[in-house]
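One structure below.
The values are calculated or read from the model by the stated rules, or taken from the named source; none is laboratory data. This is a predicted model, so every value here is computed, not measured. When we count neighbours, we look across all protein chains shown, and the Cβ atoms used for this are built from the backbone with ideal geometry, even at glycine. For the accessible areas, the whole protein counts, side chains as well, though only heavy atoms, and no ligand, DNA or RNA atoms are used. Shrake-Rupley method; radii C 1.70, N 1.55, O 1.52, S 1.80 Å.
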Amino acid sequence: MKLLVIGSGGREHALVWKLAQSPSATKMWCAPGNAGIGEEKLTSNGSMVELIAISAEDLPKLLAFALEHKPDLTVVGPDNPLGMGIVDLFQSKGLRIWGPNQKGAQFESSKVFSQQFMERHGIPTMKAGTFADAKQAKEFARSLDGRCAVKADGLALGKGVLLTTSVEEAEKAIDEIMVDKAFGTAGNNVVIQELLEGMELSLHAIADGKTTKLFPTSQDHKRALDNDQGLNTGGMGTYSPAPFLNDAELESVGQAILEPWLKGCQAEGIDFHGIIYPGVMLTKNGPKVLEFNARFGDPETQVYLTRLENDLLDILNASVDGTLDQVTMKWSSKVAVCVVMASGGYPGSYPKGKVITGLDKAAALPDTKVFHAGTTTKDGQIVTNGGRVLGVTAWAETLMEAREAAYRAVSLIDFEGAQFRRDIASKAFR
Ligand code: AMP
Ligand code: GLY
């Protein structure tokens, strides 16, 4: 099969790395990819993955490329092209593509849609209201004593969420989003949620319109600095499994969310083929869904795919074709840890073009894989090209060993200004 993968982050490197191991993959392109993706080779015939200089959001050019080169499957990594309707567009031209269509992508592209869907279908979530009017939003925030999550409706690159603990802060947050339009038109509507306390987990399930298959647990680290200090980021590190739910609890939490979700999708004519990724808070009053994403998490993918024992291509094909009921997902009993190395300044502004050293030494370590995110090649060297630069991932029998192995690899790699959290997976040991 010829495959086109869309995206350029650590998630897409992990997808490409795993798909390249499939005996059925005979050709792979990635648009636009990154330096690490461009070094991957297919197991079946040794051919290199080819980078195509088209951005993940340039739908007309991606379509033209696909019509010319006829991939047997296009795999979409990021949320933006999904929200823009790339799946509908490709399907309208008879091209096979994996990911939710625009209607399905709304779970992520509209927080208002998601919140109201959860309420309509009895998915466990928190007290919340959706508002187009700042005055009413503030009234609701006051009814929660200002202890809220104030969320811009639309996509805001994971930054459109402000957490507040007083009425003053909440009113300021509402003004920032709705009046000052800090996130542009994404802030025309807001969702105000009750502020939850508890342990946060990432869940993933793959869906084919009729069946869902739940993945093991993982946990992300969203804040930039150790001990969950600093600004929210796309995610600074993950590990899987996370020990806060045993298998039976995971199964029951999964069911409590996925059964009403799937029934709701079917009732509302949402034919969802892709990953549904609920962010879940384990609270005193049970698990509550904070939000839905409609794609693989980044850096969750890096720890999931290093543990997945199936051929990923088989699973994506089953998700497209509606045959997931015939698939048994197999997960390694090993624990995986991913530590993100980011550019100095991230998630604020940061420099690019810093030479990265030590990648060869890290690559020589056993049970370790350095996934690239914001990297490119310049004058024959690999240099930084984004906020999150690398996802240094290792796996082992125990979490302690996996974490040590990941940090050993991190210690071999360097670029000017490199920053990373030193406490990935610490919560698991508390
Ligand atoms: P979201 O983009 O909706 O996932 O929000 C970003 C982050 O803000 C989440 O990963 C949580 O850490 C935090 N968060 C979101 N909503 C809430 C909430 N209702 N209560 C507490 N924390 C929240
Ligand atoms: N790891 C967080 C996300 O992918 O949204």
By residue number, the members of the stretch 292-320 that are open to solvent by 10 Å² or more (accessible area, probe 1.4 Å) and in contact with a His (Cβ under 7 Å, 6 or more places away or on another chain) are Val320
In the set Gly279, Gly274, the lone residue that is on the phi > 0 side of the Ramachandran plot, within 16 Å of ligand 2 (Cβ to nearest atom) and not in a loop (DSSP other than H, G, I, E, B) is Gly274
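Let's see how each residue does on (1) open to solvent by less than 10 Å² (accessible area, probe 1.4 Å); (2) in a loop (DSSP other than H, G, I, E, B); (3) out of contact with any Phe, Trp or Tyr (no Cβ under 8 Å at 6 or more places or on another chain):
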| residue | (1), (2), (3) |
| --- | --- |
| Ser55 | no, yes, yes |
| Lys61 | no, no, yes |
| Ala66 | yes, no, no |
| Leu89 | no, no, yes |
| Gly94 | no, yes, yes |
Note: among Leu225, Leu214, just one is touching a Leu at 6+ places or on another chain (Cβ under 9 Å), away from ligand 2 (no atom under 16 Å from the Cβ) and closer than 26 Å to His372 by Cα, namely Leu225
* Residues in the stretch 72-82: is at least one in contact with an Asp or Glu (Cβ under 6 Å, 6 or more places away or on another chain), open to solvent by 40 Å² or more (accessible area, probe 1.4 Å) and more than 16 Å from ligand 2 (Cβ to nearest atom)? -> no
Of those in the stretch 241-291 that are β-branched (Val, Ile, Thr) and closer than 30 Å to Met400 by Cβ, the residue surrounded by the most Cβ atoms within 10 Å (Cβ to Cβ) is Val280
- Evaluate the stretch 321-336: report whether one residue or more is open to solvent by 10 Å² or more (accessible area, probe 1.4 Å), within 16 Å of ligand 1 (Cβ to nearest atom) and of a type outside the set (Phe, Trp, Tyr). no
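Are any of the residues in the stretch 151-159 more than 21 Å from the chain's Cα centre (by Cα), charged (D, E, K, R) and either farther than 25 Å from Val303 by Cα or not in a loop (DSSP other than H, G, I, E, B) (or both)?
no
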Condition (residue is in contact (Cβ under 8 Å) with a residue 12 or more places away in the chain, among the β-branched types (Val, Ile, Thr), open to solvent by 10 Å² or more (accessible area, probe 1.4 Å) and more than 23 Å from Asp321 (Cα to Cα)) applied to the stretch 31-44: is it met by at least one residue?
yes
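Do we have Ala134 as away from ligand 1 (no atom under 13 Å from the Cβ) and open to solvent by 20 Å² or more (accessible area, probe 1.4 Å) here?
Considered against the rule, which asks whether it is away from ligand 1 (no atom under 13 Å from the Cβ) and open to solvent by 20 Å² or more (accessible area, probe 1.4 Å), Ala134 comes out as yes.
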Can you say whether Leu231 is open to solvent by 40 Å² or more (accessible area, probe 1.4 Å), within 13 Å of ligand 1 (Cβ to nearest atom) and assigned to a strand (DSSP E or B), as far as the supplied structure shows? yes
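Under the condition of being part of a loop (DSSP other than H, G, I, E, B) and in contact with a Lys or Arg (Cβ under 6 Å, 6 or more places away or on another chain), which residue from the stretch 282-302 is nearest to ligand 2 (Cβ to nearest atom)?
Restricting attention to the stretch 282-302, the residues satisfying the condition of being part of a loop (DSSP other than H, G, I, E, B) are 284-285, 294-299.
Those still in the list that are in contact with a Lys or Arg (Cβ under 6 Å, 6 or more places away or on another chain) too: 296, 298.
On the way: Phe296: 7, Asp298: 4 Å.
That would be Asp298.
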Of (1) touching a Pro at 6+ places or on another chain (Cβ under 6 Å); (2) away from ligand 1 (no atom under 16 Å from the Cβ); (3) not in a helix (DSSP H, G or I), Val253 satisfies every one except (3)
Original post:
Residue check: is Pro216 of a type outside the set (S, T, N, Q), touching a Phe, Trp or Tyr at 6+ places or on another chain (Cβ under 8 Å) and away from ligand 1 (no atom under 16 Å from the Cβ)?
Top reply: yes
Thr185 meets each of (1) open to solvent by 40 Å² or more (accessible area, probe 1.4 Å); (2) modelled with pLDDT of 95 or more; (3) more than 16 Å from ligand 1 (Cβ to nearest atom); (4) part of a helix (DSSP H, G or I) with one exception, condition (2)
